Amino acid sequence: MIVSLKLIVVWIALLAGGVLGGVLLPFSIPGEGDGPFTAEQAFLLVNFLHAIVLTALASQAAWQGSALGLTVAVVFLFAQSLLLLVEALWFNAYLEAPVGALLRAAGHTAFQAALAGSVTALLWRRRQARASSQVHLNRLPVAAALYVLCYFAGGTLIALSSPWLRDYYNVADDRSSEIALVPLLAFQYARGIVWAGLAYVLARMLGGAAWSRGVLAGLTFGILASASLFYPTAFMPWSVRGVHIVEVLASNTLFGWGAVLIFMGGQAQRPSKDDPTVEGFVSSLS
């Protein structure tokens with residue numbers, strides 16, 4: 001019950017941050033978007049999904065107070081906004097999205113990250129679990145390579161299997177040749193370094209067994225990076241956004257899980273009685 005109340009508080013903080021961002025950095029996208037939710041419904045749903053993963057992270061964290069709050073804020077800002085922003089700008093010749101709107105949306109996320117991080121620091125002020133002593137930073141390049149592998153596997157096996165997505169990006173026309181493979185690989189590997197850095201931080205911060213940390217890190221990356229696609233938008237139809245939700249959720253979840261196992265050397269030990277687990281977090285909500 002206590003965790004459920006904390007979840008609601010984190011959700012309110014995210015909603016408040018979004019409203020504050022809308023007041024200070026207003027923007028609108030011309031045209032009407034489609035999808036299963038209105039903008040208001042998506043606002044509530046997306047932030048609730050974000051609140052769930054942030055609450056799960058805090059509940060399983062071995063860190064506390066300001067260190068926990070800052071980590072949650074940074075992970076949220078990068079995974080939910082900045083890493084997606086740089087990719088959107090890279091592919092904007094296809095997306096044709098209003099750059100100003102993208103930048104202002106990132107500003108909204110910064111307000112949300114600050115409020116959610118502050119609330120997390122206040123709500124979780126006591127150590128929840130023991131920290132791991134074996135998380136290997138020198139494996140960062142390998143974890144980044146895993147991100148590139150998961151990214152292209154998701155794009156090939158899920159995204160490009162959709163006729164709506166192929167038509168939207170005009171995969172068959174001459175513009176596809178404008179995307180040179182080597183620069184794209186270098187760009188995604190650079191993003192992979194940042195994603196891997198976030199995975200390393202979560203592996204250090206979380207308690208429990210390696211598999212449990214990996215599952216939570218993967219779901220965090222998958223949900224934070226994909227949930228915003230529920231927002232209706234005029235420049236990307238729902239048929240395309242829906243496929244991207246499945247693609248990003250699958251590839252980022254697999255990457256987060258695998259990256260944590262890489263950093264922790266594939267440790268398979270079970271958590272002790274005092275260590276939190278994913279199952280423990282779920283049961284604590286009831």
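The values are calculated or read from the model by the stated rules, or taken from the named source; none is laboratory data. Everything quoted here is computed from the prediction, not taken from an experiment. Here the Cβ is made from the backbone with ideal geometry for all residues, glycine too, and neighbour counts use every protein chain on show. Surface areas here come from the heavy atoms of the whole protein model, side chains and all, with no ligands, DNA or RNA. Shrake-Rupley method; radii C 1.70, N 1.55, O 1.52, S 1.80 Å.
When the helices in the chain are scored as -39500 (n - 2.57) per DSSP H run of 4 or longer and the sum is shared across all residues, what 222 nm value do you end up with, to the nearest 500 deg cm²/dmol?
Roughly -22000 deg cm²/dmol at 222 nm, from the helical runs in the chain.
With label points built 7 Å along Cα→Cβ from the Cα atoms of V74 and I8, find their separation and express it in nm.
Going from the V74 label point to the I8 one covers 3.3 nm.
Rank S66, S161 by accessible area, highest first, at a 1.4 Å probe radius?
Accessible-area ranking of S66, S161, largest first: S66, S161.
Would you pull out the residues with amide H under 5 Å of A97's amide H, same chain only if 5 or more places away, H placed 1.01 Å from N?
Excluding prolines and chain starts, which carry no amide H, there are no hits.
Please compute the Kirkwood hydrodynamic radius of segment 1-140 from all pairs of different C-alpha atoms, in Å with one decimal.
Mean inverse Cα-Cα distance, inverted, gives 16.4 Å.
In the chain, which helices (entire DSSP H runs) extend 30 Å or more along their own long axis, judged by Cα positions, while averaging at least 1.6 on the Kyte-Doolittle scale?
Long hydrophobic helices here: 2-24.
What span do the alpha-carbon atoms of the chain cover on each of the three principal axes, reported in whole Å from largest to smallest?
Here the Cα extents, ordered largest to smallest, are 58, 41, 28 Å.
Scan around L206 for amide H atoms under 5 Å from its own, H built in the peptide plane at 1.01 Å from N, and keep only partners 5 or more places away or cross-chain.
Sorted by chain and number, the residues that satisfy this are A62.
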